[in-house]
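Quick note: the coordinates plus some simple rules give every number you see, no bench work behind them. Keep in mind it's a predicted model, so treat the numbers as computed, not measured. Quick reminder, even Gly has a Cβ in these numbers, built from the backbone with ideal geometry, and neighbours come from all protein chains shown.
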Ligand SMILES: Nc1ncnc2c1ncn2[C@@H]1O[C@H](COP(=O)(O)OP(=O)(O)OP(=O)(O)O)[C@@H](O)[C@H]1O
């Protein structure tokens, strides 16, 4: 008696909303286009696609490879060992997880490696020694041996029934050999120039392990969505039509077998012709239909196909209450998510604005501190400048005062000489000596102040450098202002000095004239040498001052 198990496997996807709901052995598919409570969707509601189906086995998104294997394939190993044919199909759209379910990967082994591993552990040495393996693919109704790469023909053989001519049967006495052949066959698929990965979704792959009395068949079917793409043209249209036909025929065959119909349409496609022996008679079949919740149309078609193979109509209204409840749940989730989203948006906005505010405040504070520091710095430098120039002008004033005294003394001398007479000669000499003392003292004093001034000029140089390097214009201005003041002071003194010198010269000339007259009239009132000495000293003193820049 034929036995078929139809299983659904839901691929785990990252999705918030529920589109496929698994409840025990029931799968409910919610049409994402049908917005709950939306009156505009009334028309859509009439062709409602929210549908619930019951299956023999349902694996939800949490089901791992082990669970799928243990519930779908493992129970059939005993049947196989006892001589029954077992066939496992993986059906579904591209990317829905067919290959993952059948083959898996190194870390998550699928049904094929797990089943073969367990089987070889149970097989006797004798049984294993007779095991052989074939691996082929059917693309556009053309059969190709994946182990030899040859294209193959199907032929009726009187005794043997249907045979695939020249199909390579690899002897596989142990699991290691099987693994090698499968790897090799898969790599051949991958090496196809037409683009292996694309091809894989367009061809049916059939792996068969032949034991003495029975066959263990694994079929990874072509992507079912290819069949439904009616808009395809040319090669794609042919391909779609072939896949469509072969999947349809396969479905009809399984349905007929399940319903124990007299006629099973095996001859409808190469795939069913090839699998005829494996499927009919006392055999077991498992169809694992893979669905990915992120693709409603494909999931809908897959569920419908899988369900029809069991000859049971879908039961759209059985679970209406549950559907309504789930749609309500979805609405709630949507609302919560939306709320959370807008809340976190506001929160983010506030955080950003607050950060910006703090940044601005910090900048303002820094600017204020900088301004305060600038004012303070400027004030400090200005004070230094002012202090410097106060000292400078004080010294200059003292110098000028002394200079005035000195010049006045010289003037007095000359004045006195002008008025002198022979009888007062001695008195004049005394006075000149007194004046000379006075001049000497003043010059000494002048020299001391000049030295101080020299030091203070050095100090001024430093302040000048500091001012020129300073970033503040105001201190530069202050410096220039002070220099101008000093220069003005010096200018005034220079005018005064010129005036005195002029007067001095006039007096000298007058005096010399007088002296010459007196000499001519034999009225020598002052010793010639003394007069020379006085003049010499006076001139020396004046020259020195001019040289030192004091005058
Ligand atoms: N149950 C699952 N758990 C984790 N990953 C899965 C599962 N099902 C499928 N995948 C991953 O999804 C991707 C597509 O799966 P897979 O190749 O098995 O799809 P397919 O139906 O065989 O596609 P194709 O028809 O193109 O061969 C792979 O990366 C696979 O590892």
**Message:** Limiting things to C-alpha atoms, what are the Rg and the maximum Cα-Cα separation (Dmax) for region 362-412, in angstroms?
**Reply:** 21.7, 73
**Request:** May I ask you to sort 154, 406 by Cβ crowding, counting other Cβ atoms within 10 Å and putting the fewest first?
**Result:** 154, 406
**Prompt:** For region 107-195, how big is the tail of P(r) above 16 Å, as a whole percent of Cα pairs?
**Reply:** 62 percent
**Packing-based exposure ordering (other Cβ within 10 Å, fewest first) of 393, 246, 124, 52** = 124, 393, 52, 246
**Asked** Between residue 468 and residue 25, 0.36 nm times their residue separation minus their Cα-Cα distance comes to what?
**Response** 150.3 nm
**Asked** In what sequence do 204, 307, 100 fall when counting other Cβ within 10 Å, fewest first?
**Response** 100, 307, 204
**Message:** I want to check the label-to-label distance for residue 340 and residue 371. Put each point 7 Å from Cα in the C-beta direction and report it in nm to one decimal.
**Reply:** 4.8 nm
**Relative contact order for region 68-153, counting Cα pairs under 8 Å that sit 6 or more residues apart, in percent** = 17 percent
